[in-house]
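Everything on this sheet refers to the single structure shown next.
The values are calculated or read from the model by the stated rules, or taken from the named source; none is laboratory data. Everything numeric in this text was worked out from a predicted model, so none of it was measured. Here the Cβ positions follow ideal geometry from the backbone for every residue, glycine too, while neighbour counts run over all protein chains shown. Accessible surface areas use protein heavy atoms only, side chains included; no ligands, DNA or RNA. Shrake-Rupley method; radii C 1.70, N 1.55, O 1.52, S 1.80 Å.
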Amino acid sequence: MNIAIGLEPRCFALVPCAGVGVRAGVGGPKQYHPLAGRAVVAHTLAALRQVRRLSATLVVLSPDDDRFEAVVPEHLGEQAWVARCGGASRAETVANGLAALAARGVQPHDWVLVHDAARCLLQPAWVDRLIDACQDDEVGGLLALPVADTLKQEVDGRAVATVPRAGKWAAQTPQMFRLGLLRPALVSAGEAVTDEASAVEALGHAPRLVRGDTLNLKVTWPEDFRLAERLLHTATMA
């Protein structure tokens, strides 16, 4: 479905959901692993649906994904989009998703908020905080947290140096950039980039850092799933 073109920049969410979840150790794609009675990605999309300023949310799946609609049947309606064009890397998946957004009428001046499917503890207020901070910014920005722990440089399993943590931030998502900036940034950076901000930085831009939340964790390792399960159950009982 194409959408009307306007002068006022709109916001769209893009959720890369084509990974295989090898590190998670849950026997399949981590985005479909059940947590508190729902798939990981179902929690993520439920939070994004509550962000009123999002014109639509595009989920980018692997071309051979045959599970999504059954696992997330509530992802329906004019603002719920799906594209089976995921690639071999996150960068390729996001780049293909941006092309799909452009094909649907999303304009170069519109904002795209890329969010990890596996950050399933997302709260709508955090997304609104990011939009508020970046909607008038020339570059865009991302949720992130100042690093609190002491950082060590490792060689062969041993700490060989302590890395100064001053000025260091741990990147989170969403990461919010205009379509017209993010598409060429990803093309220029190649598939090695692990987040959108690094691709934008490589073009010489400085994305705005917007304080995120410690609960905005990305479930990656088996212990992350246990923690997320407890947190989701606590939120449900509150």
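Count Lys and Arg as plus one, Asp and Glu as minus one, and take only other residues whose Cβ is under 15 Å from that of PRO9; the net charge is then -3.
How large is the helix-only mean residue ellipticity at 222 nm for the chain, computed as the sum of -39500 (n - 2.57) over DSSP H runs with n ≥ 4, divided by its residue count, in deg cm²/dmol to the nearest 500?
Numbers: 7 runs with 73 residues, N = 238.
Here the helix-only value at 222 nm equals -9000 deg cm²/dmol.
Straight Cα distances below 21 angstrom link LYS152 to the lysines LYS168, with same-chain residues fewer than 8 positions distant left out. The alpha-carbon of LYS218 sits under 18 angstrom from the alpha-carbons of these lysines, leaving out residues fewer than 8 places away in its chain: LYS30.
Placing a label point 7 Å from the Cα of THR214 along the Cα-to-Cβ line, the residues of the range 132-168 whose backbone N sits under 11 Å from it are 148-149.
For the ranges 117-129, 63-75, 190-202, what's the packing order if you count other beta-carbon atoms within 10 Å of each residue, average per peptide, and put the highest first?
On the way: 117-129: 21.4, 63-75: 14.2, 190-202: 18.8.
By packing density, highest mean first, the sequence is 117-129, 190-202, 63-75.
Label zone (GLU201, point 7 Å along Cα-to-C-beta; backbone nitrogen cut-off 20 Å) within the range 132-146: 134, 137-146. If R0 equals 30 Å, the separation of the Cβ atoms of ALA80 and SER188 corresponds to a calculated FRET efficiency of about 0.45. Accessible surface computed residue by residue for the chain, with neighbouring protein chains in place and a 1.4 Å probe, gives 50 Å² per residue. Farthest towards the positive end of the charge dipole of the chain, among the residues LEU122, LEU61, PRO73, is the Cα of LEU122, using unit charges on the Cβ of Lys, Arg, Asp and Glu. Only beta bridges with both residues in the range 13-126 are counted; by DSSP, about 15 percent of them are antiparallel.
Beta bridges assigned by DSSP with both partners in the range 89-238 are antiparallel in approximately 80 percent of cases.
Within a Cβ distance under 14 Å of LEU113, other residues only, what is the Lys/Arg minus Asp/Glu net charge? Net local charge, LEU113 excluded: +1. Estimated from the Cβ-Cβ distance and a Förster radius of 41 angstrom, the FRET efficiency linking ASP64 and LEU7 is about 0.55.
Report in % the part of the accessible area of the range 34-182 that belongs to carbon and sulfur, leaving out ligands and nucleic acids; probe 1.4 Å. Intermediate values should be presented prior to the final figure.
Numbers: 3290 of 6680 Å².
Of the solvent-accessible surface of the range 34-182, carbon and sulfur hold 49 percent.
Please tell me the relative contact order of the range 116-176 in percent, rounded to the nearest whole number, where contacts are Cα pairs under 8 Å and at least six residues apart. Walk me through the numbers before you get to the answer.
On the way: 68 pairs, mean separation 23.3, N = 61.
Averaging sequence separation for qualifying contacts and normalising by length gives 38 percent for the range 116-176.
Per residue, the average separation of C-alpha pairs within less than 8 Å and at least 6 apart gives the chain a relative contact order of 24 percent. Each peptide in 96-109, 174-187, 47-60 was scored by the mean count of other Cβ atoms within 10 Å over its residues; highest first, the order is 174-187, 47-60, 96-109.
As an exercise, use a Förster radius of 30 Å and the Cβ-Cβ distance of GLN135 and LYS168 to find the FRET efficiency, rounded to the nearest 0.05.
Numbers: r = 26 Å, r/R0 = 0.88.
After rounding to 0.05, the efficiency reads 0.70.
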